[in-house]
Amino acid sequence: MIVAANFKTNLNRAKTAAYVKELESFIQANGVTKDIRIFPPFTALDRFECSFKVGAQNAYPADHGAYTGEIGTEQLDEFGINMILIGHSERRHVIKESQESIAQKYDFFKEKGYEIVYCIGEPLEIRELGNDELLEYLDAQLEGIDLSYEKLVVAYEPVWAIGTGKVPTLSDIELIHNALKGRISKPILYGGSVKPDNTREICAIDSVDGVLVGGASLTVESFGKIITEAKE
Ligand code: PGA
């Protein structure tokens, strides 16, 4: 099981450093062997002493250059970061990244050998159209993406479930994950309002290989419960 925390624009440098220490103590104390990953904001990145993986929530597809407000691999190398989230719904829908630019970013970081957690998910108006339309929408988000890349993990996150407390039914999660498994032979995480009290049932679905957690990952108390509830 992969259990990943996306802090988004939350926690500062000091709070992240304290979180990392606390999470590491939790992992050691509980003998956790699951694949734990965290994605802090840029300003909190560091060379942490920890047994879990730390990644970037985003970066510009360049080593360095004139890209005001962005960071490249030169900045990530400083902290030994070689894992990135690409295609998160907030980057697609709030920052307005296109599928084309997302696919370019994917290719760049693939060439660099980064581990990639690639996110896909449909907005509510697509969900309401039905399963065929939903899967067609997800297929379009896989366009230009090399699904055979060995360091790829996919996260299915319905946009309407992110940060809303709403979660698809377990049978809907199963249906979508099964359909994705027919297309992708990589681990597939579920994301969208994962909480300590729904982790166990979501992770019990065979085609769910882990979870990507936003809001409920912001304290080690809550994220630790999710780690415990996720199946081995
Ligand atoms: P959430 O976010 O857990 O707060 O719904 C998940 C995500 O956006 O990755």
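Could you check how many residues of region 186-201 are at negative phi, within 13 Å of the ligand (Cβ to nearest atom) and within 16 Å of the chain's Cα centre (by Cα)?
Summing the residues that are at negative phi, within 13 Å of the ligand (Cβ to nearest atom) and within 16 Å of the chain's Cα centre (by Cα) in region 186-201 gives 6.
Any chance you could count how many residues in region 1-17 are over 17 Å from Ala216 (Cα atoms) and without any contact (Cβ under 8 Å) to a residue 40 or more places away in the chain? Talk me through it step by step, then tell me what you get.
Residues of region 1-17 over 17 Å from Ala216 (Cα atoms): 1, 13-14, 17.
Filter once more, keeping what is without any contact (Cβ under 8 Å) to a residue 40 or more places away in the chain: 13-14, 17.
Residues meeting the conditions: 3.
Can you tell me which residue among Ile227, Ile205, Ile173 is away from the ligand (no atom under 11 Å from the Cβ) and surrounded by 22 or more Cβ atoms within 10 Å (Cβ to Cβ)?
Within the list Ile227, Ile205, Ile173, the selection yields Ile227.
Name the single residue that is surrounded by the most Cβ atoms within 10 Å (Cβ to Cβ) among those in region 113-142 being charged (D, E, K, R) and assigned to a loop (DSSP other than H, G, I, E, B).
Taking region 113-142 first, the residues charged (D, E, K, R) are 115, 122, 125, 127-128, 132-133, 136, 139.
Narrowing further to those that are assigned to a loop (DSSP other than H, G, I, E, B): 122, 128.
Details: Glu122: 25, Glu128: 11.
So the residue we want is Glu122.
What are the residues in region 120-176 that are among the charged types (D, E, K, R) and farther than 25 Å from Ala216 by Cα, if any? I'd like the intermediate steps shown before the answer.
First pass over region 120-176, keeping only residues among the charged types (D, E, K, R): 122, 125, 127-128, 132-133, 136, 139, 143, 146, 150-151, 157, 166, 172, 174.
Listed by number, the residues that qualify are Glu125, Glu128, Asp132, Glu133, Glu136, Asp139, Glu143, Asp146, Glu150, Lys151.
Give the residue that is nearest to the ligand (Cβ to nearest atom), with candidates limited to residues of region 49-77 that are over 19 Å from Lys110 (Cβ atoms), in contact with a Leu (Cβ under 8 Å, 6 or more places away or on another chain) and part of a loop (DSSP other than H, G, I, E, B).
That would be Phe52.
Any residue in region 112-120 that is among the aromatic types (Phe, Trp, Tyr) and within 16 Å of the ligand (Cβ to nearest atom)? Can you show your working first?
Narrowing region 112-120 to residues among the aromatic types (Phe, Trp, Tyr): 114, 118.
If we keep only those that are within 16 Å of the ligand (Cβ to nearest atom) too, we end up with 118.
Taking every residue of region 112-120 in turn, at least one turns out to be among the aromatic types (Phe, Trp, Tyr) and within 16 Å of the ligand (Cβ to nearest atom).
Of all the residues that make up region 143-183, how many are in a helix (DSSP H, G or I) and within 23 Å of Tyr106 (Cα to Cα)? Quick ask: steps written out before the conclusion?
At the first step, the residues of region 143-183 found to be in a helix (DSSP H, G or I) are 159-161, 170-181.
Then drop every residue that is not within 23 Å of Tyr106 (Cα to Cα), which leaves 159, 176-177, 179-181.
Result for region 143-183: 6.
Do you know which residues across region 129-161 are within 16 Å of the ligand (Cβ to nearest atom) and either in contact with a Ser or Thr (Cβ under 7 Å, 6 or more places away or on another chain) or among the charged types (D, E, K, R) (or both)?
Glu157, Val159, Ala161
Six or more apart or on different chains, Cβ under 6 Å: which pairs go from a residue in region 68-87 that's surrounded by 15 or more Cβ atoms within 10 Å (Cβ to Cβ) to one that's among the polar types (S, T, N, Q)? Could you list them?
Leu85/Gln57
Would you pick out the residues in region 119-155 that are over 20 Å from Pro168 (Cα atoms) and of a type in the set (Phe, Trp, Tyr)?
Once the filter is applied, which keeps residues that are over 20 Å from Pro168 (Cα atoms) and of a type in the set (Phe, Trp, Tyr), region 119-155 yields only Tyr149.
What number of residues within region 5-16 satisfy the criterion of being under 19 Å from the mean Cα position of the chain (by Cα) and either closer than 21 Å to Asp209 by Cβ or more than 15 Å from the ligand (Cβ to nearest atom) (or both)?
Within region 5-16, the first condition is being under 19 Å from the mean Cα position of the chain (by Cα), and the residues that meet it are 5-11, 16.
With the extra rule that they be either closer than 21 Å to Asp209 by Cβ or more than 15 Å from the ligand (Cβ to nearest atom) (or both), the set shrinks to 5-6, 16.
The qualifying residues number 3.
In this structure, does Arg183 turn out to be more than 21 Å from Glu136 (Cβ to Cβ) and more than 10 Å from the ligand (Cβ to nearest atom)? Steps first, answer last, please.
On the way: more than 21 Å from Glu136 (Cβ to Cβ): no; more than 10 Å from the ligand (Cβ to nearest atom): yes.
Taking the combined requirement at face value, the residue does not satisfy it.
Among residues belonging to region 17-49 that are crowded, with 21+ Cβ neighbours inside 10 Å and not hydrophobic (A, V, I, L, M, F, W, C), point out the one that is nearest to the chain's Cα centre (by Cα).
Selected residue: Arg37.
For Leu180, all conditions in the list (1) in contact with a strand residue (DSSP E or B) (Cβ under 8 Å, 6 or more places away or on another chain); (2) at pLDDT below 95 hold save one; what is the number of the exception?
Only one criterion is unmet by Leu180, namely (2).
For region 208-224, enumerate the residues that are more than 12 Å from the ligand (Cβ to nearest atom), more than 21 Å from Glu24 (Cβ to Cβ) and out of contact with any helix residue (DSSP H, G or I) (no Cβ under 8 Å at 6 or more places or on another chain).
Scanning region 208-224 gives a single hit, Asp209.
The values are calculated or read from the model by the stated rules, or taken from the named source; none is laboratory data. What you see is a predicted model; the values in this text were computed from it and never measured. Glycine gets a Cβ as well: all are built from the backbone with ideal geometry, and neighbour counts include every protein chain shown.
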